[in-house]
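Structure first, then comments.
The values are calculated or read from the model by the stated rules, or taken from the named source; none is laboratory data. Keep in mind the model is a prediction, meaning the values are calculated, not measured. Here Cβ is always computed from backbone atoms with ideal geometry, including for glycine, and neighbour counts include all displayed protein chains. What goes into the accessible areas is simple: the full protein's heavy atoms, side chains included, and nothing from ligands, DNA or RNA. Shrake-Rupley method; radii C 1.70, N 1.55, O 1.52, S 1.80 Å.
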Amino acid sequence: MEASSSRGRSGSTGVKRRRGPGGGGGGGSGSTAHALNDDTLRSVFSRLDDHFDLARCSAVCNSWNRIIDTAHLMRDLYYKRNPQARSSGSNVSIKSYFKELALDEHASSFSRGPAEVYQWIGHPNRATICRMKSGSILTGVGDKILRLWSAESCKYMNEYNVPNTKMLVDFDFDENKIVGLTSSQLCIWRRNEPRSIFQSHGASFNRGLCMSYADPEVVIGCEDGRAFVYDMYSRSCSSIYRLHSSPLTCLTITDNQLIAAGSTFGNVAIADQTTGQKLGVLKSAFAPTAIRCLSFSTSGQLIFAGSSAGYAHCWDLRTLRPLWEKRVSPNVIYSTHHLPGDTATLAVGGIDGVLRLICQRTGETIRSFIVDADRPEASSSRQQVEKKSVRHVAPDARLDDIPTRLRPQITCLSVGMKKIVTTHGENYIRIWKFRPKRA
């Protein structure tokens, strides 16, 4: 303790106090960046030539954020990069420009950047489904709890108990609610409360297999080929639509209020969410093959799917015709997903355990990965996050030559900004983090 106190009174005091905006301590000694006056900092920041560097500086403290904001440095850098916008009076907002910048960096990180994996034991038994939105990850199915995690730090945030003896078959969430589906019941939780706030009652549907949630409605796909539209506010089933004569294997709701429903017969029914009118059927040249997963592109009016025969499919909703169908895996594809707004890459995972990034426009595989490590070991502590390296899989690689312990099946995946979370039907969770490739 004496030695510690002595060091605390030494000349390093200024270093220990530089957390606050005025933390230079020594009255302008120049030992910290905060000792610089506003004009000097403004001059330094104006020399940054990268929006992300400027944004990172803006997030350091309130003082730096104020200097960058009041000097309009973001706006000036935007016009420096886009001189035509100033002269032509372009209607493209700076906000839209930054969104495009972020999407470009996301796509570049996926297609060329390095990656690493963080893994941890997240459930007592197993997790088969994951969802990622707005910096949060929700995992579950396999035991009677859903768990919420931070996508950035991997830290546990909350958990939600499944009521009664029912087992969940699907779930989704947003910033306020968590919606879970059992075979015959809908459950709703508030994000900040672990107990269910609502359970549907009555025999409105039976043998539910999948769901898609877009507030204020949940569409439930059932074994008999029907879809039940459930209104969250009236807490009742508002519509029932017959979409297939075979079980519905997956569902998605598009932004323009269309329901897309996959089936075991290898096609996708498209129906109006409001009226139930069937608008068409998306067919594959490789049917019969069960459609196992669906995702919708808001940017290009495209529907992506993965099938039991290892094919990835892409249809144009405007023509109801396939744009491409590629066999990207020798086995079942369980999950496809992409970041909303991204028109470049699509993540695909399935039974062979290889995470693939494919081109949305052509279906060609851009990159393939496995984790160069075993499953995480059980720990006496509640959560221990392990960082592991990623191994690239060559296009002509024989998967049989790669040990299955290095490529456990990917039962579900979800894509966030420069991140992909995966579950593997076991008790651990993985998050793959990509970084931009620096010149």
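See the values below:
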item	result
Dipole magnitude (debye, nearest 20) for segment 37-85, charges at Cβ of Lys, Arg, Asp, Glu	100 debye
Set 326/437; 283/388; 177/437 screened for pairs whose C-alpha atoms are more than 32 Å apart	283/388; 177/437
By average C-beta atoms within 10 angstrom, highest first, the peptides 226-236, 250-260	250-260, 226-236
Packing-based ranking, highest mean first, of 44-50, 138-144 given that Cβ atoms within 10 Å are counted	138-144, 44-50
Proximal charge balance of residue 285 [Cβ under 13 Å; K/R count +1, D/E count -1]	+3
Solvent exposure of the chain as accessible area per residue, Å², 1.4 Å probe	48 Å²
Length released on extending from residue 391 to residue 255, taking residue separation times 0.36 nm less the Cα-Cα span	45.3 nm
Relative contact order (percent, whole number), segment 37-85, Cα cutoff 8 Å, 6+ residue spacing	35 percent
Under 21 Å from residue 80, Cα to Cα: lysines that are on another chain or at least 8 residues apart	95, 99
GNM top mover of 419, 388, 95 - the chain, alpha-carbon springs below 10 Å	95
Computed lengthening from residue 406 to residue 204, 0.36 nm per intervening residue step minus Cα-Cα distance	68.4 nm
Percent RCO, i.e. relative contact order, over the chain, from Cα pairs under 8 Å lying at least 6 residues apart	14 percent
Aspartates and glutamates whose Cα lies under 15 Å from that of residue 166, excluding same-chain neighbours fewer than 8 positions away	143
Protein accessible area in segment 37-85, 1.4 Å probe - carbon and sulfur %	49 percent
Sparse-neighbourhood loop sites, trypsin sites (Lys or Arg not before Pro) in segment 299-347 - DSSP loop, at most 11 other Cβ within 10 angstrom	318
Anchor residue 433: aspartates and glutamates whose Cα lies under 17 Å away (excluding residues fewer than 8 positions away in-chain)	104, 105, 116, 152, 342, 372, 386
